[in-house]
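Scroll down for the structure; my scribbles are underneath it.
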Amino acid sequence: EAGVAQSPRYKIIEKRQSVAFWCNPISGHATLYWYQQILGQGPKLLIQFQNNGVVDDSQLPKDRFSAERLKGVDSTLKIQPAKLEDSAVYLCASSPNRGNTQYFGPGTRLTVL
Amino acid sequence: SQQGEEDPQALSIQEGENATMNCSYKTSINNLQWYRQNSGRGLVHLILIRSNEREKHSGRLRVTLDTSKKSSSLLITASRAADTASYFCATPTNTGNQFYFGTGTSLTVIP
C-alpha cells in the first residue's frame, strides 16, 4: 500500500512570496489533515477535511493560508503572502476516518527568508 | 493551549535500559495515540489506547491511560539505538474535529 505523498520536500522563498504544497493521501482514506510543525514543537493542526468538506479550520490563518481538497482525494495548501514566521515543516496526514490512527507523509520543509 | 504536554522534554539513556515518558492532556477523549518522529521525517503511529482501556502492549511498548488524571505513559523496554527519536502523544476530541499533539519527548539511546 502506497503511503502519503507530499511535494515538494523542500522550499525556500522570500517573504511576501506565495507557495503551494501538494498532498496525495492513502487511497480510500476519507480524512485528510494539514499540520504545521515549528522546530522543537509538536504538530499543530491547521485544517481537517472529511472527503471534500472542511471539518475544522479553526487554527488556519485564513488571511494568508488556504486549502482545498477537490474531489475528496488530493489536497493543496497555499500560503499567500508568506511571512518569516511561516518557516516550518508542513505535514499532511490521512486516516480512514476521523479520530483514528493517522498516516503521515514525509513533510515539506519551508524556509521563508 | 489545549495541547498535551510530554514529560520529560528530553531523555538520554543507555542501550538496554527502559525509557518512560509521560503525557498530560486537557480535553475529554475517546482515545489517545502515541507517535514517533525521527529527525527530519514524518510521524509514525505507534499505538492507540481507547478511553475504556487502562493498559495496552505492543512488542516492547507498554502504554497506560488514566482518564481521571488525564494522563498517559509510554514505556519502551530494552531500548535500542534505533529508538532514538521524538515521541508525541496525540488526542482527538470526542467529535474527532480537532487533534492535539503534545510538545514531545526527545529520546536519545546511547549505544
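Step by step: first the residues of region A:6-43, then only those that are aromatic (Phe, Trp, Tyr) and open to solvent by 20 Å² or more (accessible area, probe 1.4 Å), then the one that is nearest to the other protein chains (Cβ to nearest Cβ). Which residue is that?
Of region A:6-43, the ones aromatic (Phe, Trp, Tyr) are A:10, A:21-22, A:33-35.
Filter again for open to solvent by 20 Å² or more (accessible area, probe 1.4 Å), leaving A:10, A:22.
On the way: A:TYR10: 10, A:TRP22: 15 Å.
Result: A:TYR10.
Just a yes or no: is a residue in region B:27-37 closer than 24 Å to A:LEU91 by Cα, facing another protein chain (nearest Cβ under 8 Å), buried (at least 20 other Cβ atoms within 10 Å of the Cβ) and of a type in the set (A, V, I, L, M)?
no
Is it true that B:SER72 is open to solvent by less than 20 Å² (accessible area, probe 1.4 Å), of a type in the set (S, T, N, Q), modelled with pLDDT of 95 or more and in a loop (DSSP other than H, G, I, E, B)?
Numbers: open to solvent by less than 20 Å² (accessible area, probe 1.4 Å): yes; of a type in the set (S, T, N, Q): yes; modelled with pLDDT of 95 or more: yes; in a loop (DSSP other than H, G, I, E, B): no.
No: the conditions fail for B:SER72.
Look at B:ARG60 and say whether it is of a type in the set (Lys, Arg), open to solvent by 50 Å² or more (accessible area, probe 1.4 Å) and over 10 Å from the mean Cα position of the chain (by Cα).
Working: of a type in the set (Lys, Arg): yes; open to solvent by 50 Å² or more (accessible area, probe 1.4 Å): yes; over 10 Å from the mean Cα position of the chain (by Cα): yes.
It is true that B:ARG60 is of a type in the set (Lys, Arg), open to solvent by 50 Å² or more (accessible area, probe 1.4 Å) and over 10 Å from the mean Cα position of the chain (by Cα).
Taking into account only those residues within region A:80-113 that are basic (Lys, Arg) and either assigned to a strand (DSSP E or B) or more than 9 Å from chain B (Cβ to nearest Cβ) (or both), which is surrounded by the fewest Cβ atoms within 10 Å (Cβ to Cβ)?
Keep residues of region A:80-113 that are basic (Lys, Arg), which gives A:83, A:98, A:109.
Then keep just the ones that are either assigned to a strand (DSSP E or B) or more than 9 Å from chain B (Cβ to nearest Cβ) (or both); that gives A:83, A:109.
On the way: A:LYS83: 12, A:ARG109: 17.
Per the criteria, the residue is A:LYS83.
For region A:60-78, name all the residues that are crowded, with 17+ Cβ neighbours inside 10 Å and either in contact with a Phe, Trp or Tyr (Cβ under 8 Å, 6 or more places away or on another chain) or not in a strand (DSSP E or B) (or both). Can you show your working first?
First pass over region A:60-78, keeping only residues crowded, with 17+ Cβ neighbours inside 10 Å: A:60, A:65, A:67, A:69, A:75, A:77.
Correct list: A:LEU60, A:ALA67, A:ARG69, A:SER75, A:LEU77.
The values are calculated or read from the model by the stated rules, or taken from the named source; none is laboratory data. Computed from a prediction, not measured in an experiment: that's the story for all the values here. Note that each Cβ is placed from the backbone with ideal geometry, even for glycine, and that neighbours are counted across all protein chains shown. Keep in mind that these areas ignore ligands, DNA and RNA; they rest on the heavy atoms of the full protein, side chains included. Shrake-Rupley method; radii C 1.70, N 1.55, O 1.52, S 1.80 Å.
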